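Visitor: Could you have a look at this structure, given as structure tokens, before my questions?
Where a number appears in this text, it was derived from the coordinates with a stated rule and is not lab data. Note that the structure is a prediction, hence the values are computed from the model and not measured. Counting neighbours? That spans all protein chains shown, and the Cβs are built from the backbone with ideal geometry, glycine included.
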Amino acid sequence: MSERRNPESTQDKSAPNIREQTAMPQSYEHILEAVIRIIRSFSALMDRTLFNPHYSRIVALVLAVFMYIVVNFANGTTISTLNYSRDMTGIAVSAKYNSDTFELSGLPETATVRISGDAASVTAAYNSRGVVMADLEGLTEGQHEVRLTTEGFGDSVDIIVDPSVAYVTLKKKTTRQFDLSYDFINLDKINSIYSVGTPVFEYSHVNVRASKDTLDSIAFVKALIDVGDQTQSFEQDAQLIAYNSVGQPVSADIVPDTIHVSVPVTSPNKMVAIEVEVSGEVPNGMAIDSIEMDQHTVTIYGPESVLGQIDKVIVSLNAATITKDSTLLRPITLPSGVNSSNINQITINVKLAEGESRIIDGVKINYRNNTNNYKASQPDNKTTTSVMVFGSEANIADITADDIFVYVDMSEAKPGLMEFPLLIDQPSSGLVKYTLMDATYTLNVLGESTNDDDADSGSGVNNG
């Protein structure tokens, strides 16, 4: 007997499947509708943005920047990869020519080289020891246009030289002989107590080879002798340099270019006295009563020819700056030609006292510089004058007429009656001041004397 199915049971089992099949299309529809709404919203937003006058400018700017970045990035990549270049400046220019026969002028000293190619090749060429050359071999005397080329940069790069051509002149060289002179260099590096003597050269003439024009411009050839840090006589090979009349070096071949020289180095010195030289007047009627020094002599260094003419050095003292007893530190003034001294300054003690004056009569009038040997007489037979002396009581007490020298200078004398200014030698100590009571002195110049003894006697006038 067959089993019968319950219709209700069958209906119950199939109902969920139908519901599920019906629900799935509905879900898809909801999703699709949502997507469509989003797209429509985005589209509406884009329409409002792109077609809105307020936003269109901003959009255009953003798009332009974006396109600029894209294009330039692409171009930069292409240049870096395919057309890289680099400049080298200040490359020395050399020349190939017979320098023994010709003198070269007009060639530029440096040039600029542009290297182009791929990055690796350009970098390698830049770091190489490439040179710029001018090939003048085979050219004769005269002016020439030559192309500048390069060597040593490799074959994998392109080279451009600036300037690419040069206009040069070749002149034949000749030889001329010049006297040799010298200059000491680095004199500031030798101790001032030393003196450098006259150098002795291996020979006194040198041969210079250059074009005629260059040889004509040479005024002298000097040996440059380095005396730096020398303390005794020495020998060296000194460099020879040619100079023009204004002291500028001239490029020429000096054969040989050095010379052996012997140089004496000595330390001549001399002990001389220190003398205080007083100028000005002490204020308020005071006078310098005494000056005491802590050093009375100094050792000076210099060439013997200079030292032989010096017997003292000076320390200056301005009395106008002193108002009371003082202890002062004063520098020593070295005479011209003296290199140095063992001391540079001294201490002086200055004492003041009340200034006093007195008049000394009967001071003889002398004359100096009677180079024409004139005879002369004084119309009034006046042969003396009076002098006022000023200083402290102790310093003027013992001064007599014989201590004072008054004179007229006859270097400008002419025959006839002439009035001369009276002059006086002030005391070297500066402690006393002399003042003439007469400013002028009249002489009758009689004419040139034929007897030197007569001229020296000078009628009515004492010879100085």
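Visitor: Using 20 Å as the cut-off for backbone N distance, which residues of segment 199-214 belong to the label zone defined by a point 7 Å from the Cα of residue 174 along Cα→Cβ?
Guide: In segment 199-214, the label zone of residue 174 (backbone N under 20 Å from the point 7 Å along Cα→Cβ) covers 206-214.
Visitor: Can I ask one more? Okay, which of segment 202-219 sit inside 19 Å, backbone N to the point 7 Å along the Cα-Cβ direction of residue 248?
Guide: 210-219
Visitor: Projected area of segment 356-463, taken from the Cα convex hull and averaged over every viewing direction, in nm²?
Guide: Numbers: hull surface 26.8 nm².
The orientation-averaged projected area of the Cα hull of segment 356-463 comes to 6.7 nm².
Visitor: Label-point separation (nm) for residue 440 and residue 202, each offset 7 Å from Cα along Cα-to-Cβ?
Guide: Spacing of the two 7 Å Cα→Cβ label points: 7.2 nm.
Visitor: Then there's this: Placing unit charges on C-beta atoms (Lys and Arg positive, Asp and Glu negative, everything else neutral), compute the dipole magnitude of segment 174-266 about its Cα centre in debye, rounded to 20.
Guide: Numbers: 5 positive and 12 negative charges, 41 e Å.
It works out to roughly 200 debye.
Visitor: Name the residues of segment 355-372 whose amide N is less than 12 Å from a point 7 angstrom out from the Cα of residue 403 along the C-beta direction?
Guide: Residues passing the 12 Å test: 358, 360.
Visitor: Mind giving me the nanometre distance, one decimal, between the label points for residue 44 and residue 419, set 7 Å out from Cα along Cα→Cβ?
Guide: Going from the residue 44 label point to the residue 419 one covers 12.7 nm.
Visitor: A follow-up question, please. State the answer as a single residue: which of 132, 121, 168 lies farthest towards the positive end of the charge dipole of segment 118-168, with beta carbon charges of +1 for Lys and Arg and -1 for Asp and Glu, about the Cα centre.
Guide: With unit charges placed on the Cβ atoms, the residue in question is 121.
Visitor: Between residue 255 and residue 149, take the C-beta separation as r, use R0 = 35 Å, and let me know the FRET efficiency to the nearest 0.05.
Guide: Given R0 = 35 Å and the Cβ-Cβ separation, E is 0.65.
Visitor: So if each residue of separation counts as 0.36 nm, and I subtract the Cα-Cα distance between residue 94 and residue 265, what length gain in nm does that give?
Guide: Difference between extended and current length: 57.2 nm.
Visitor: Estimate the FRET efficiency between residue 309 and residue 377 by the formula 1/(1 + (r/R0)^6), using the beta-carbon distance for r and 60 Å for R0, to the nearest 0.05.
Guide: Efficiency, from the Cβ-Cβ distance: 0.95.
Visitor: Give the residue list of chymotrypsin sites (Phe, Trp or Tyr not before Pro) in segment 126-198 that are DSSP loop and have at most 16 other beta-carbon atoms within 10 angstrom.
Guide: none
Visitor: With +1 on each Lys and Arg Cβ and -1 on each Asp and Glu Cβ, how big is the dipole of the chain about its Cα centre, in debye rounded to the nearest 20?
Guide: 3120 debye
Visitor: Identify, among 286, 340, 326, the residue whose Cα sits farthest towards the positive end of the charge dipole of segment 269-353, taking +1 on the Cβ of Lys and Arg and -1 on the Cβ of Asp and Glu, with the dipole about the Cα centre.
Guide: 340
Visitor: Under a straight-distance cross-link criterion of Cα-Cα below 27 Å, which lysines are reachable from residue 172, leaving out those fewer than 8 residues away in the same chain?
Guide: Residue 172 reaches 96, 212, 222.
Visitor: Please tell me the relative contact order of segment 174-266 in percent, rounded to the nearest whole number, where contacts are Cα pairs under 8 Å and at least six residues apart.
Guide: That works out to 38 percent.
Visitor: Can you order the peptides 314-320, 327-333 by their average number of other Cβ atoms within 10 Å per residue, highest first?
Guide: 314-320, 327-333
Visitor: Using unit Cβ charges (K, R positive; D, E negative) and no other charged atoms, how large, in debye to the nearest 20, is the dipole of segment 147-211 about its Cα centre?
Guide: So the magnitude is around 460 debye.
Visitor: Mind checking which aspartates and glutamates have their C-alpha under 12 Å from residue 270, skipping anything on the same chain fewer than 8 residues away?
Guide: 304, 311
Visitor: Which aspartates and glutamates, if any, have their Cα less than 20 Å from the Cα of residue 324, not counting same-chain residues under 8 positions apart?
Guide: Cross-link targets: 277, 281, 289, 292, 294, 354, 356, 393.
Visitor: Across segment 356-463, how many lysine pairs, 8 or more positions apart or on different chains, have C-alpha atoms separated by under 18 Å? Please give the number. List each step's numbers first, then the result.
Guide: Working: 364/375; 364/382; 364/433; 375/414.
Count of close lysine pairs: 4.
Visitor: Which of the helices in the chain meet the span-like rule: DSSP H, Cα axial reach of 18 Å or more, Kyte-Doolittle mean at least -0.5?
Guide: Helices meeting the criterion: 7-50, 53-82.
Visitor: Count neighbours as other Cβ atoms within 10 Å of each site's Cβ, and list the trypsin sites (Lys or Arg not before Pro) in segment 349-453 that are DSSP loop with at most 16 such neighbours. If you can, show how the numbers build up before the last one.
Guide: Details: sites: 351, 358, 364, 368, 375, 382, 433; in loops: 382.
Here the trypsin sites (Lys or Arg not before Pro) that fit, given the DSSP loop and packing criteria, are 382.
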